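S.K.: One structure, as structure tokens, below. Some questions next.
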Amino acid sequence: MRLSRYFLPVLKETPAEAQIVSHRYMLRAGMIKQASAGIYSWLPLGFKVLRKIENIIHEEQARAGHIAMQMPIIQSADLWRESGRYDAYGAEMLRMKDRHDRDMLFTPTAEELITDIFRANVSSYKDLPLTLYQIQWKFRDEIRPRFGVMRGREFYMKDGYNFDLTKEDALHAYNRHLVSYLRTYERMGLQAIPMRADSGPIGGDNTHEFLVLAETGESEVCYDSQITDLKFGDRQIDFESREQCQAVLEEFTSRYARTDETHDEALFNQIPEERRRVARGIEVGQIFYFGTKYSDAMGATVSDAEGNQVPVHMGSHGIGVSRLLGAIIEASHDDKGIIWPEGVTPFHAGIVNLKQGDAEADAACEALYASLTALGLEPLYDDTTERAGAKFASMDLIGLPWRITVGPRGLKNGVVELTSRRTGESEELAPEAAVAKIA
Ligand code: ATP
Ligand code: MG
Ligand code: MG
Ligand code: MG
């Protein structure tokens with residue numbers, strides 16, 4: 001992409017309304033624009049990162065054997081009356097009437113609709129196990145939308161639902177989700193710690209939240225510092241294997257790590273004092289096993305091997321896709337701007353032309369652009385006539401992992417400058433060598 005032809009409305013001033021760094025940088029880098037309280041337009045740069053995050057989630061869900069689909073944003077109240085949640089959900093549910101005076105609502109989550117799809121189409125245990133998921137816009141009329149995309153009213157969420165014959169099968173689905181979520185967050189450059197949580201209005205006993213540690217997080221968390229040493233890494237997991245998934249669950253949940261809702265002071269105090277941590281975290285996902293809560297209420301049964309009709313065991317599993325942008329920036333930035341992890345960066349490298357209009361500099365930039373593109377990478381070429389200082393400031397703000405600086409003086413010696421956004425280190429090298437380093 002050439003910056004002169006892109007839409008990147010970078011702000012010079014810090015927007016007064018933004019209280020936390022991720023919100024500030026997302027506004028300043030022209031990633032989002034508020035449309036109304038807690039509701040945002042996703043400008044090209046923000047939208048690009050959102051798509052990257054979404055793609056990682058799709059890839060990891062496919063790896064775990066889960067099936068993508070899509071359900072509507074606007075739903076009829078009828079199914080929610082069947083489960084009892086139409087009344088229970090309260091003011092967070094945005095409601096409306098259609099022209100025929102029917103009660104409709106904006107989906108805050110989709111247990112009812114997916115259970116309805118299941119009961120209409122699946123009748124035998126032979127069709128199980130089944131896990132369906134979607135990535136779709138949700139609406140919750142949050143009392144205090146704030147911190148930009150962190151707590152929006154409209155937000156983008158991955159929500160998945162497993163259907164299983166027995167509790168043991170459903171707990172395997174739960175573990176599978178835990179494993180796949182660990183992989184998913186790590187690919188985004190995040191450490192998201194599974195912590196024992198409270199199930200809230202979804203119901204059920206087995207639930208973990210995934211938290212990214214950050215001072216600006218809204219949850220208070222207590223944990224054993226040993227947990228932050230755990231890494232999933234690139235281990236190969238057979239998602240069909242109960243033993244393998246169970247072993248990962250045990251490894252990642254055996255140390256103390258809880259949100260304030262489930263915190264147990266006595267248990268916490270059993271950890272050696274130097275390992276006790278009280279901190280704040282951002283909830284970027286949650287997994288639940290809730291058994292037959294919805295299948296009982298809505299009559300979602302299958303026939304088992306003996307021909308009995310039994311309610312299916314279910315769970316639901318969410319990732320806060322749009323919130324993740326904020327969480328990644330909270331976890332990875334400096335005082336100049338964002339530092340994107342490689343896995344989610346909107347462009348792989350920025351090319352800064354120090355003397356736009358200089359025939360040699362222009363040609364060198366074009367050549368770099370072509371070589372990077374040929375390797376399947378996406379460069380962002382600042383081909384504007386801004387002064388160098390402003391170009392550098394914008395590149396630092398938008399946080400691409402690499403910057404290649406091209407100017408007539410370096411070209412005389414056959415070199416360009418390659419700078420790592422994360423370390424700030426620069427080196428002079430031949431253009432081909434710079435490309436090779438990025439690739
Ligand atoms: P919170 O405790 O932050 O209100 P939640 O527990 O109500 O979140 P879930 O029902 O577990 O949310 O939804 C799954 C995920 O969706 C959450 O883990 C979170 O990452 C994300 N999410 C929930 N509410 C919002 C929101 N208002 N804005 C952005 N993301 C959200
Ligand atoms: Mg909530
Ligand atoms: Mg929560
Ligand atoms: Mg939650």
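To keep it simple, each residue is scored yes or no on (1) under 23 Å from the mean Cα position of the chain (by Cα); (2) among the β-branched types (Val, Ile, Thr); (3) part of a helix (DSSP H, G or I); (4) surrounded by fewer than 18 Cβ atoms within 10 Å (Cβ to Cβ).
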site: Asp234; (1), (2), (3), (4): yes, no, no, yes
site: Ile237; (1), (2), (3), (4): yes, yes, no, no
site: Ala247; (1), (2), (3), (4): no, no, yes, yes
site: Phe252; (1), (2), (3), (4): yes, no, yes, no
site: Arg255; (1), (2), (3), (4): no, no, no, yes
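S.K.: Is it the case that some residue within segment 349-362 is modelled with pLDDT of 95 or more and under 23 Å from the mean Cα position of the chain (by Cα)? First the steps, then the outcome.
M.R.: Start the filter on segment 349-362 by keeping residues that are modelled with pLDDT of 95 or more, which leaves 349-362.
Going one step further and asking which of them are under 23 Å from the mean Cα position of the chain (by Cα), we end up with 349.
The answer is yes; a qualifying residue exists.
S.K.: Could you tell me which residue of segment 199-213 is nearest to Met314 (Cα to Cα), considering only residues that are at pLDDT 95 or above, of a type in the set (A, V, I, L, M) and within 13 Å of ligand 1 (Cβ to nearest atom)?
M.R.: Filtering first and then ranking leaves Leu211.
S.K.: Just to be sure, is Leu429 at pLDDT 95 or above and touching a His at 6+ places or on another chain (Cβ under 6 Å)?
M.R.: Details: at pLDDT 95 or above: yes; touching a His at 6+ places or on another chain (Cβ under 6 Å): no.
No; evaluated as a whole, the condition is false for this residue.
S.K.: Now, a different point. Does His172 count as surrounded by 17 or more Cβ atoms within 10 Å (Cβ to Cβ) and within 27 Å of Asn121 (Cβ to Cβ)?
M.R.: On the way: surrounded by 17 or more Cβ atoms within 10 Å (Cβ to Cβ): yes; within 27 Å of Asn121 (Cβ to Cβ): yes.
Spelling it out, His172 is indeed surrounded by 17 or more Cβ atoms within 10 Å (Cβ to Cβ) and within 27 Å of Asn121 (Cβ to Cβ).
S.K.: Name every residue in segment 246-261 that is hydrophobic (A, V, I, L, M, F, W, C) and farther than 13 Å from Arg196 by Cα, in order of residue number. Please lay out each step first, then the result.
M.R.: First, the residues of segment 246-261 that are hydrophobic (A, V, I, L, M, F, W, C): 247-249, 252, 257.
Ala247, Val248 - these are the residues of segment 246-261 that are hydrophobic (A, V, I, L, M, F, W, C) and farther than 13 Å from Arg196 by Cα.
S.K.: Here are some residues: Leu397, Leu375. Which one is within 19 Å of Lys336 (Cα to Cα) and not acidic (Asp, Glu)? Quick ask: steps written out before the conclusion?
M.R.: Numbers: Leu375 fails: within 19 Å of Lys336 (Cα to Cα).
Step by step, each of Leu397, Leu375 is checked, and only Leu397 is within 19 Å of Lys336 (Cα to Cα) and not acidic (Asp, Glu).
Rundown of residues vs (1) of a type in the set (Lys, Arg); (2) within 16 Å of ligand 1 (Cβ to nearest atom), yes/no style:
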residue	(1), (2)
Phe268	no, no
Ile271	no, no
Lys293	yes, yes
Gly307	no, no
Ser316	no, yes
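S.K.: Among all residue pairs at least 6 apart or on different chains, which show Cβ distances below 8 Å where the first residue, located in segment 234-257, is farther than 17 Å from Ala64 by Cβ and the second is basic (Lys, Arg)?
M.R.: Every condition considered, the pairs that remain are Thr253/Arg196; Ala257/Arg196.
S.K.: For segment 299-323, what are the residues that are more than 30 Å from Arg146 (Cα to Cα) and within 31 Å of the chain's Cα centre (by Cα)?
M.R.: Initial filter on segment 299-323 (more than 30 Å from Arg146 (Cα to Cα)): 299-314.
Hits for segment 299-323 are Ala300, Val312, His313, Met314.
Yes/no matrix, rows are residues, columns are (1) without any contact (Cβ under 8 Å) to a residue 60 or more places away in the chain; (2) crowded, with 21+ Cβ neighbours inside 10 Å; (3) aliphatic (A, V, I, L, M):
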| site | (1), (2), (3) |
| --- | --- |
| Ile143 | yes, no, yes |
| Gly148 | no, yes, no |
| Gly152 | no, yes, no |
| Tyr156 | no, yes, no |
| Tyr161 | no, yes, no |
| Lys167 | no, no, no |
| Ser180 | no, yes, no |
| Met188 | no, yes, yes |
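S.K.: Is it true that Phe163 is farther than 30 Å from Asp229 by Cα, within 16 Å of ligand 4 (Cβ to nearest atom) and either in contact with a Gly (Cβ under 7 Å, 6 or more places away or on another chain) or outside any loop (DSSP other than H, G, I, E, B) (or both)? Working first, answer last.
M.R.: Details: farther than 30 Å from Asp229 by Cα: yes; within 16 Å of ligand 4 (Cβ to nearest atom): no; either in contact with a Gly (Cβ under 7 Å, 6 or more places away or on another chain) or outside any loop (DSSP other than H, G, I, E, B) (or both): yes.
It is false that Phe163 is farther than 30 Å from Asp229 by Cα, within 16 Å of ligand 4 (Cβ to nearest atom) and either in contact with a Gly (Cβ under 7 Å, 6 or more places away or on another chain) or outside any loop (DSSP other than H, G, I, E, B) (or both).
S.K.: Can you find a residue in segment 61-75 that is on the phi < 0 side of the Ramachandran plot and without any contact (Cβ under 8 Å) to a residue 12 or more places away in the chain? It would help to see each step written out before you state the result.
M.R.: Initial filter on segment 61-75 (on the phi < 0 side of the Ramachandran plot): 61-64, 66-75.
Still in the list and also without any contact (Cβ under 8 Å) to a residue 12 or more places away in the chain: 62.
Checking segment 61-75: at least one residue is on the phi < 0 side of the Ramachandran plot and without any contact (Cβ under 8 Å) to a residue 12 or more places away in the chain.
S.K.: Name the one entry in Lys138, Lys126 that is within 16 Å of ligand 4 (Cβ to nearest atom), of a type outside the set (Val, Ile, Thr) and not in a loop (DSSP other than H, G, I, E, B).
M.R.: Numbers: Lys126 fails: within 16 Å of ligand 4 (Cβ to nearest atom).
Every option except Lys138 fails the conditions.
S.K.: How many residues are more than 9 Å from ligand 1 (Cβ to nearest atom) and under 15 Å from the mean Cα position of the chain (by Cα) when one looks only at segment 139-172?
M.R.: Qualifying residue count, segment 139-172: 2.
S.K.: I would also like to ask the following. Does segment 319-338 include one or more residues that are hydrophobic (A, V, I, L, M, F, W, C) and closer than 30 Å to Arg409 by Cβ? Before the answer, list the steps.
M.R.: Taking segment 319-338 first, the residues hydrophobic (A, V, I, L, M, F, W, C) are 319, 321, 324-325, 327-329, 331, 338.
Narrowing further to those that are closer than 30 Å to Arg409 by Cβ: 338.
Yes: one or more hits.
The values are calculated or read from the model by the stated rules, or taken from the named source; none is laboratory data. Here the structure is a predicted model, which means the values were calculated and not measured. Here Cβ is always computed from backbone atoms with ideal geometry, including for glycine, and neighbour counts include all displayed protein chains.
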